[in-house]
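Notes follow the structure.
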Protein chains: 2
Amino acid sequence: MRSVAILGIGQTKIGEHWDKSLREIGGEAAFAAIQDAGTDKVDALFIGNMLSSTVSAQNQLGAFFADWIGLWRQEAVKVEAACASGAAALRAALMAVSAGDIDTALVVGVEKMSDKTGHDVTSALATAADADYELEQGISFVGLNALMMRRYMHEFGWKHEDFAPFSINAHANATLNPFARLHEKITVEKFERSAMIATPINLLDASPTGDGAAAVVIVPAEKVASLNGKPRITVAGSASATDSIAIHSRKDPLFLSAAYESAKRAYEMANVTPKDIQVFELHDAFTIMAALSLEACGFAERGQGVRLGLDDRIGPKGRVPVCTRGGLKARGHPVGATGIYQIVEVVQQLRGECRATQVDGARIGMAQNIGGSGATILTHILKTG
Amino acid sequence: MRSVAILGIGQTKIGEHWDKSLREIGGEAAFAAIQDAGTDKVDALFIGNMLSSTVSAQNQLGAFFADWIGLWRQEAVKVEAACASGAAALRAALMAVSAGDIDTALVVGVEKMSDKTGHDVTSALATAADADYELEQGISFVGLNALMMRRYMHEFGWKHEDFAPFSINAHANATLNPFARLHEKITVEKFERSAMIATPINLLDASPTGDGAAAVVIVPAEKVASLNGKPRITVAGSASATDSIAIHSRKDPLFLSAAYESAKRAYEMANVTPKDIQVFELHDAFTIMAALSLEACGFAERGQGVRLGLDDRIGPKGRVPVCTRGGLKARGHPVGATGIYQIVEVVQQLRGECRATQVDGARIGMAQNIGGSGATILTHILKTG
């Protein structure tokens, strides 16, 4: 694989953007990334999106956005892998640049969710699960995660409040991220008293969805000579793996084998171990997923992911800083865009732009994007230099 | 780009498969291609599909099919570009194999359309157009094509019956393809008397949709030593280009600039000209698209595409054999699968397996897959040797 560098990043504030269309949100992030990259040449466009066909009656987002942002005649395509659509689009773009056919690729993760009612969006999100064997039973996506969390608590003896540190850390970090959806610190008390959604998952275990887009411009690393003093950031590891789409088909529903597998391949490719990872933007769609991700990626023993939070190790000054810009929990989770927000945030850390939530001396960071209840998982490792 | 060979092909008969699910249809084609390739090792799966999120409430088809066909833990992803989803998935796979990260990739184009009513499918297909500026006016996808056809007839002075040879050729060829949806020869009289859909497009101008899947297994060409006497078939050219998603934004609505651009790049990459193409599986979703595709790819002058049919040059023994297995018109158009059916059919021609519709001595073939009314167009050129 030809080494690839991330030349520019862009993102929009996440929220309910009643005044902006799908076009406008994606375009805003795309132009921000192009401007940040300082290039006016883009050879190909890769879009990560999950819901536009159902929420906006719009498919073919590759051509749709190439048209909108003026990439006339250029190659463009959409990649979909449920909530992992963003990272999957990045990986497709990495392959294209690596193959040598394309030099400069723009990758945009975009989602416009607020144009439908909550009921419609819940139905649309449920398409990430197995329609024949899960949805047919009437279970929602949060319901599936609730089953995993309850089983985890039973199996390993944790109480609900033991998950609080994940949300508290995410909310605290988001207050310093202007692009985050939520800017409100929370406490254990507030976490425990929050409204129940699907027991044991309550409102503060769950990430808020929203409208948002994030973008990166990637180029062959060899073409990046000077960046006006900014460090050059390369993709040192990239891997994707799958698991059964239905949770009940897994030998062990509490082990994210696709996270394990994709992290393992990414570590090997980057020639690092979990110890070397200085910042980890993980996929905390629900607090349980944060715990399971930390375990599968080698940061904690089985059933001990929550301990990292309780031991105060997940903050920006901790041993395994996670969700340093707010994570899905507080930055927000515009599903198909999330994977690119994570990449953008790791780049911000490696550039040293995160002020009070900056991880000191961060040179190696990781992002992990999860589709469905663990069926598609991509891991990317970025490095300076 | 590392040279890539097509090692195996598979397809299902197109029809209304009330007895088979999305899973089963895609799996059938996947297993057929794996068996044909004679390999039991697949590193990654690429799915081309447009409609499963709306028709089958199923997203994340990469993991969905990796799970179903037993590619446990492997990388898998879905690519979408409306009716060009199949070829777009192939191109993503080509990039991945070219990049060197992956050796054996399985590409499946799959669509299950008959589980919804015609009205719902018409709405779902309309997401290929511009939701804000075309759909908002209430126009359907066939309506957009009808506007193009009417303008073409006005501009260049053709009558409706002048388009008949495209459908007659497709139907005649399909009678010899066991996987085709329609097995019925037609005449000019029948063509002219067929039911009007959206004037001037009648039923026999339009391709039938359907349930179906097609698949190919690709590997680095250098790894293909011997194929038991079958010719080695390589991808000599691959290119994708876009145009505005809305027809009204184009300078000239009767020129498929993305077809021109992608064909031009594919010709350059394969080092051939239109004269060298011995078989051309084009995207005849409507007869007008066959004419426009032939013109944009350099087989006819502007406004003269229909003349190739009238001059009897598009049959298997003609100068530009098109739709040799029935084309979209009679083989059928399971939208996200069509691009892979076209590739499978070009491979069948290059292998010399097409009996009475065999193009004598075919060594170079082309397939062109069109998304929307010309917004995303991919061109692939295959060669023996």
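The values are calculated or read from the model by the stated rules, or taken from the named source; none is laboratory data. This one's a predicted model, so the numbers in the text were calculated from it and none came from an experiment. With ideal geometry, Cβ positions are generated from the backbone for all residues, glycine too; neighbour counts draw on all protein chains shown.
Residues in the stretch A:96-107 that are more than 21 Å from residue B:377 (Cβ to Cβ) and at the interface with another protein chain (Cβ under 7 Å from one of its Cβ atoms): A:98, A:100. Quick check on the stretch B:162-170. Is at least one of its residues more than 27 Å from residue A:377 (Cα to Cα), within 12 Å of chain A (Cβ to nearest Cβ), surrounded by 20 or more Cβ atoms within 10 Å (Cβ to Cβ) and of a type outside the set (Gly, Ala, Ser)? No, because not a single residue in the stretch B:162-170 is more than 27 Å from residue A:377 (Cα to Cα), within 12 Å of chain A (Cβ to nearest Cβ), surrounded by 20 or more Cβ atoms within 10 Å (Cβ to Cβ) and of a type outside the set (Gly, Ala, Ser). Set side by side, the residues B:284, B:276 differ, and just one is farther than 30 Å from residue A:78 by Cβ and either at pLDDT below 95 or of a type outside the set (A, V, I, L, M) (or both), which is B:276. The residues on offer are A:57, A:66, and the sole one that is at the interface with chain B (Cβ under 9 Å from one of its Cβ atoms), free of Cβ contacts under 8 Å to residues at least 60 places away in the same chain, surrounded by 24 or more Cβ atoms within 10 Å (Cβ to Cβ) and farther than 15 Å from residue A:335 by Cβ is A:66. Contact annotation: residue pairs with Cβ atoms under 9 Å, 6 or more positions apart or on different chains, pairing a residue in the stretch B:195-206 that is part of a strand (DSSP E or B) with a partner that is of a type in the set (S, T, N, Q), are B:196/B:202; B:198/B:140; B:198/B:145; B:201/B:145; B:201/B:287; B:202/B:194; B:206/B:145; B:206/B:287.
Within the stretch B:38-54, the set of residues being of a type outside the set (A, V, I, L, M), within 27 Å of residue B:117 (Cα to Cα) and touching a residue at least 40 places away in the same chain (Cβ under 8 Å) comprises B:48, B:49, B:52, B:54. Per the conditions (1) surrounded by fewer than 20 Cβ atoms within 10 Å (Cβ to Cβ); (2) within 8 Å of chain A (Cβ to nearest Cβ), the sole criterion not satisfied by residue B:126 is (1). Being more than 8 Å from every other protein chain (Cβ to nearest Cβ), touching a Pro at 6+ places or on another chain (Cβ under 8 Å) and closer than 29 Å to residue A:44 by Cα: is that true of residue B:42 here? Taking the combined requirement at face value, the residue does not satisfy it. Checking each residue in the stretch A:69-86 for being facing another protein chain (nearest Cβ under 7 Å) and either under 15 Å from residue A:43 (Cα atoms) or of a type outside the set (A, V, I, L, M, F, W, C) (or both) picks out A:73, A:74, A:75, A:76, A:77, A:78, A:80.
Per-residue answers, yes or no, for (1) assigned to a helix (DSSP H, G or I); (2) of a type in the set (Gly, Ala, Ser); (3) within 14 Å of chain A (Cβ to nearest Cβ):
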residue	(1), (2), (3)
B:229	no, yes, no
B:235	no, no, yes
B:240	no, yes, yes
B:269	yes, no, yes
B:275	yes, no, no
B:280	no, no, no
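Among the residues of the stretch B:143-153, some residue qualifies, meaning at least one is within 14 Å of chain A (Cβ to nearest Cβ) and either more than 18 Å from the chain's Cα centre (by Cα) or touching a residue at least 24 places away in the same chain (Cβ under 8 Å) (or both).
The conditions of being buried (at least 24 other Cβ atoms within 10 Å of the Cβ), closer than 30 Å to residue A:58 by Cα and away from chain A (no Cβ under 14 Å) are not met by residue B:374.
Of the numbered criteria (1) in contact with a strand residue (DSSP E or B) (Cβ under 8 Å, 6 or more places away or on another chain); (2) more than 18 Å from residue A:201 (Cβ to Cβ); (3) within 14 Å of another protein chain (Cβ to nearest Cβ), the one residue A:256 fails is (2). Considering B:265, B:232, the condition of being more than 21 Å from the chain's Cα centre (by Cα) and at negative phi is satisfied by B:232 alone. Contact map, the stretch B:6-23: residues that are modelled with pLDDT of 95 or more paired with residues that are surrounded by 23 or more Cβ atoms within 10 Å (Cβ to Cβ) and aromatic (Phe, Trp, Tyr), Cβ distance under 7 Å, separation 6+ or inter-chain. Pairs shown: B:11/B:341. Of the helices (runs of 4 or more DSSP H) lying entirely inside the stretch A:286-385, those containing at least 1 residues that are among the hydrophobic types (A, V, I, L, M, F, W, C) and either over 30 Å from residue A:154 (Cα atoms) or free of Cβ contacts under 8 Å to residues at least 12 places away in the same chain (or both) span A:338-351.
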